[in-house]
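Worksheet for the structure shown next.
Every number in this text was worked out from the coordinates using simple rules, so none of it is lab data. Values in this document were obtained by computation on a predicted structure and should not be read as measured data. Here the Cβ is made from the backbone with ideal geometry for all residues, glycine too, and neighbour counts use every protein chain on show.
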Amino acid sequence: MNKYFERLYNGLIKENPTLVLMLGMCPTLAVSTQAINGVGMGLSTTAVLILSNVVISLLRKAIPDQVRLPAYIVIVASLVTATELLMHAYVPSVYEELGIYIPLIVVNCIILGRAEAYANKHSVGLSLMDGLGMGLGFTVALTLAGMVRELLGAGKIFGAQVLPASIKPIGIFIQPPGAFLVIALFIAIMNAIGIKTRQRKLVESGCDGCCATCSSACGKKEEVAEK
Amino acid sequence: MKALILIIVGTALINNVVLNQFLGICSFLGVSKQMKASVSLGGAVIFVITIASAVASLLYTYVLAPLSLDYMKTIVFILVIAALVQIVEMFLKKKSPAIYNALGIYLPLITTNCAVLGVALTNVQNSYNFVQSVFAGFGTALGYTIAIILLAGIRSRIDEQAVPAPLRGAPIVLISAALMSIAFMGFAGLTF
């Protein structure tokens, strides 16, 4: 397999950011009320992720190592602001629906995580494909969660009535508790069929869920725990 | 005064930041493993979010809004929060080693906690003034602390139970969070 397509496969399946790496849980839980919101959020994150990977990869020799995290944050925040303004202008309905979660793409662990783990070490082309793969992996997972929640909670998929009207939908699934339940179900299914996720690390340390910024904090925490 | 109390009740219980808004999930799932750590993190979050919402509110009202740089708020807030956490950490280390030892290691974790940025942006969205912003920040952080301490308590009980194999680890924690979220939905019935 060509190394560019390998990045796509890696992002979509092997290291799917949501389902396998368990990064970016906040937007996953929050916007998966409908399949269409999952697509909107997924694609806007993908756009930011591709651009931030490209920019950071281009600047990887120019950014001094000590200030790389603040530099990444400024780059990502600028890209997110641009995306937010574009969405406000061209897709106002999606913008209204996603609300505060669009600016919060800045603190999405996937983006800083990929910058730190991939884009600052690899060429522009590979970083672009990595961003695309990871972004699409995130979009697929969000859309899947959105479809399950919409089907169970409203009897629809992408706004089209799927369940017959005689079956009463389970309203709790489009309410906040439904998000926790559906994601718990996804992970339980993956456990049952034996796909290894990084959840144990996430749940036990609280470090892997966040991005690189807190890696130093995690080191400190482990030292203290040892004492 | 009544309006301010309503803001605290609203942000802490009715629109709970974790169980209803899904902000700060990473640390909520991660740190709730241990009760002691949860209490410390809760304290650190209350401290940082209250200060951050005060600073963000002042910056927005007196710098960004008059210069009509409204669209810069995401960039400015995230940088201010990151710098603020650093300053708070240095200040505590020097002035109050006791508090630093209790909260210190959790302070850098908070920079990436989306709840901090989320509160600052929500305050702007709701056009809260300075006092309202501080109360909303405090209420949100209080809600976070309540939720993480409750989950830590539940998890210490889960550890003693025989959980079906596929549900061990993250799934059972998420299901507990779902049940807590259902319970917190009851607060929506509070009327004044």
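Please identify the helices of chain A, taking whole runs of DSSP H, that span at least 30 Å along their own axis as judged from the Cα atoms and have a mean Kyte-Doolittle score of 1.6 or higher.
Numbers: long enough: A:35-58 (34 Å, 1.62); A:68-90 (33 Å, 1.23); A:124-154 (43 Å, 1.30).
Within chain A the helices that satisfy the rule are A:35-58.
Stretched out fully, how many nm does the piece from A:Lys3 to A:Ser93 gain, at 0.36 nm a residue minus the Cα gap?
On the way: separation 90, 0.36 × 90 = 32.40 nm, distance 3.80 nm.
Fully extending the segment from A:Lys3 to A:Ser93 adds 28.6 nm.
With the cut-off at 30 Å, tell me which of the pairs B:Lys2/B:Lys94; A:Lys156/B:Lys33; A:Lys14/A:Lys121 have Cα atoms farther apart than that.
On the way: B:Lys2/B:Lys94 38 Å; A:Lys156/B:Lys33 37 Å; A:Lys14/A:Lys121 20 Å.
As for pairs spanning more than 30 Å Cα to Cα, those are B:Lys2/B:Lys94; A:Lys156/B:Lys33.
Between B:Leu6 and B:Met72, what is the label-to-label distance in nm when each label sits 7 Å out along the Cα-to-Cβ direction?
Modelled inter-label distance: 3.5 nm.
In nm, give the distance between the simple-model label positions of B:Leu179 and B:Lys95, each being 7 Å from the Cα along the Cα-to-Cβ direction.
4.3
If Rh is defined by the Kirkwood formula over all Cα pairs and Rg also comes from Cα, what ratio Rg/Rh do you get for segment B:143-192?
Details: Rg = 12.9 Å, Rh = 12.1 Å.
Radius of gyration over Kirkwood radius for segment B:143-192 works out to 1.07.
Got a sec? How would A:Val107, A:Val80 order by Cβ neighbour count within 10 Å, fewest to most? Each step should come with its number before you reach the end.
On the way: A:Val107 32, A:Val80 27.
Ranking A:Val107, A:Val80 by Cβ neighbours within 10 Å, fewest first, gives A:Val80, A:Val107.
Over all residues in A:106-112, what is the mean tally of Cβ atoms on other chains that come within 10 Å of each residue's Cβ? Don't skip to the end; give the middle numbers.
Details: counts 7, 14, 2, 3, 0, 0, 1.
Going residue by residue through A:106-112 and averaging, the value is 4.
How would B:Asp70, A:Asp65 line up from fewest to most surrounding beta-carbon atoms within 10 angstrom?
Values: B:Asp70 10, A:Asp65 7.
If I rank by nearby Cβ atoms, fewest first, I get A:Asp65, B:Asp70.
Sorted by packing (mean other beta-carbon atoms within 10 Å per residue), highest first, where do A:120-132, B:160-172 land? Each step should come with its number before you reach the end.
Working: A:120-132: 19.2, B:160-172: 15.2.
Top of the packing list down: A:120-132, B:160-172.
Separation of segment B:82-143 and segment B:1-42 by C-alpha centroid, Å?
13
Just need log10 I(q)/I(0) for segment B:2-189 at q = 0.18 Å⁻¹, Debye formula, equal scatterers on the alpha-carbon atoms, no solvent, rounded to two decimals.
So the normalised log intensities work out to -1.17.
Compute the acute angle (0 to 90°) between the alpha-carbon long axis of helix B:35-59 and the principal axis of greatest extent of the alpha-carbon atoms of chain B; round to the nearest 10°.
On a 0 to 90 degree scale, this one is about 20.
For a test of the definition: using alpha carbon positions, the gyration tensor, and the 1.5 limit on a/c, classify chain A as rounded, prolate or oblate. Numbers along the way, then the final one.
Details: a/c = 1.82, a/b = 1.40, b/c = 1.30.
Prolate shape, in that a/c is at least 1.5 and a/b is the bigger ratio.
For segment B:2-189, what is the charge dipole size about the Cα centre, in debye to the nearest 20, if Lys and Arg each add +1 at the Cβ and Asp and Glu each add -1 at the Cβ? Provide the component values of the computation, followed by the final result.
Numbers: 10 positive and 4 negative charges, 63 e Å.
Around 300 debye, computed over segment B:2-189.
Counting other C-beta atoms within 10 Å, which of A:Leu21, A:Leu181 has the fewest, and how do the rest follow? Mind dumping the intermediate values first?
Details: A:Leu21 21, A:Leu181 24.
Lowest to highest Cβ neighbour count: A:Leu21, A:Leu181.
With the calculation restricted to Cα positions, what are the radius of gyration and Dmax of the protein assembly as shown in angstrom?
Spelled out, the Cα radius of gyration and Dmax of the protein assembly as shown are 20.6, 67 Å.
Give, in nm to one decimal, the length gained when the segment between B:Ala162 and B:Val80 is fully stretched (0.36 nm per residue of separation minus the Cα-Cα distance). Show your work: numbers first, answer last.
Numbers: separation 82, 0.36 × 82 = 29.52 nm, distance 4.58 nm.
Using 0.36 nm per residue and subtracting the Cα-Cα distance, I get 24.9 nm.
So how far apart, in nm, are the two label points at B:Val131 and A:Ala62 if each is 7 Å from Cα heading toward Cβ?
4.8
In deg cm²/dmol and to the nearest 500, what is the mean residue ellipticity at 222 nm of chain A if only DSSP H runs of at least 4 residues count, each as -39500 (n - 2.57), divided by the residue total? Don't skip to the end; give the middle numbers.
Details: 10 runs with 141 residues, N = 227.
The helix-only estimate for chain A comes to -20000 deg cm²/dmol at 222 nm.
Using just the helices of chain B, give the 222 nm mean residue ellipticity in deg cm²/dmol: DSSP H runs with n ≥ 4 each add -39,500 (n - 2.57), and the total is spread over all residues, rounded to 500.
Working: 9 runs with 132 residues, N = 192.
Computed mean residue ellipticity for chain B: -22500 deg cm²/dmol.
When you look at the Cβ of every residue in B:25-38, what mean number of other chain Cβ atoms sits within 10 Å? The partial results should precede the final answer.
Numbers: counts 11, 15, 5, 4, 8, 11, 4, 2, 4, 3, 0, 0, 4, 0.
Neighbouring Cβ atoms belonging to other protein chains average 5 per residue here.
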